[in-house]
Amino acid sequence: MHSEAEAHLSKRCPVMRRLIKAHGPCLLVPQKCSPYEALVSAVAHQQLHANAAEAILRRFKALFPEARFPKPEQVMDATDEALRGCGFSMGKMLAIRDIAAKTLSGQIPKRAVALKLDDEELIERLVAVRGVGRWTVEMLLIFTLGRPDVFPSDDFGVRNGWRVAKKLDEMPKPKEFRALAERWQPHRTLAAWYLWRAADAAKL
């Protein structure tokens, strides 16, 4: 699915060529959910182990068993006690309410609308939402909307992957890393994916 991008990266960058050879074809397949659902899930996962976040999300979904995923209207109508009872902190509860409210107002677009907006326009609209920063929107662009040229230069794993791949003592600074990553355009998402693999492999 990503063979053309892999060939491009291999030709442009010896580090990428080595990582692609080591880790094989890219397995990145975007999830076909709404920006609303992706942002709620992202907020739930912030600063938590994945298992703890998934347990909170299961309790959140159980509040509204008739829906596959709680609707924005249901979140707005739920009591603070019910939402906090799922395990959300006060800050996360307020963020999820804001995500629901801004979905209902249209500031957070439906998936069909989001697919037509460019990356920077989506980032600008969504970072105005409580609890949502640029990194969170970049994850949405990569893992929900399948954008091919997103590079999360602030991401710890991506930066660490470059440190590992280049055998550096320190991770690159985000601003310098963003400039360095320009060589991987228009396939920076794929480059990030391979750097995540390098970082993960180093943990084994």
Residue that is under 19 Å from M139 (Cβ atoms) and among the basic types (K, R), where the choices are R58, R111, R97: R111
So which pairs qualify, if the first residue must be in the range 45-60 and open to solvent by 80 Å² or more (accessible area, probe 1.4 Å), the second must be of a type outside the set (D, E) and assigned to a loop (DSSP other than H, G, I, E, B), the Cβ gap must be under 6 Å, and the two must be at least 6 apart or on different chains? R59/C86
Kindly indicate whether any position in the range 28-44 is over 23 Å from V113 (Cα atoms) and not in a helix (DSSP H, G or I). no
Run M93 past the list (1) more than 30 Å from P186 (Cα to Cα); (2) in a helix (DSSP H, G or I); (3) free of Cβ contacts under 8 Å to residues at least 12 places away in the same chain and report the number of the one that doesn't hold. (3)
For the range 179-199, give me each residue that is open to solvent by 60 Å² or more (accessible area, probe 1.4 Å) and under 17 Å from the mean Cα position of the chain (by Cα). R197
Please state which of the following conditions E138 fails to meet, knowing it meets all the rest: (1) on the phi < 0 side of the Ramachandran plot; (2) out of contact with any Pro (no Cβ under 7 Å at 6 or more places or on another chain); (3) without any contact (Cβ under 8 Å) to a residue 24 or more places away in the chain. (2)
How many residues of the range 163-180 are closer than 15 Å to R18 by Cβ and in a helix (DSSP H, G or I)? The answer is 4
Can you find a residue that is free of Cβ contacts under 8 Å to residues at least 40 places away in the same chain, outside any helix (DSSP H, G or I) and within 12 Å of F60 (Cα to Cα) anywhere in the range 101-110? no
Could you list, in sequence order, all residues of the range 118-135 that are open to solvent by 20 Å² or more (accessible area, probe 1.4 Å) and in contact (Cβ under 8 Å) with a residue 60 or more places away in the chain? G131
Of all residues in the range 61-117, which are acidic (D, E) and surrounded by 16 or more Cβ atoms within 10 Å (Cβ to Cβ)? D98
A careful count of residues in the range 155-178 that are among the hydrophobic types (A, V, I, L, M, F, W, C) and either open to solvent by less than 40 Å² (accessible area, probe 1.4 Å) or at positive phi (or both) gives 4
Looking for something open to solvent by less than 20 Å² (accessible area, probe 1.4 Å), in a helix (DSSP H, G or I), under 22 Å from P109 (Cα atoms) and of a type outside the set (F, W, Y) - is there at least one such residue anywhere in the range 7-24? no
Being of a type in the set (G, A, S) and under 19 Å from D149 (Cβ atoms) is the filter here, so list the residues in the range 160-204 that pass it. G161, A179, A181, A191, A192
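The values are calculated or read from the model by the stated rules, or taken from the named source; none is laboratory data. Quick caveat, the model's predicted, so the values are computed rather than measured. Counting neighbours? That spans all protein chains shown, and the Cβs are built from the backbone with ideal geometry, glycine included. Ligands, DNA and RNA are stripped out before the accessible areas are found, and what is left, the full protein with its side chains, is counted by its heavy atoms. Shrake-Rupley method; radii C 1.70, N 1.55, O 1.52, S 1.80 Å.
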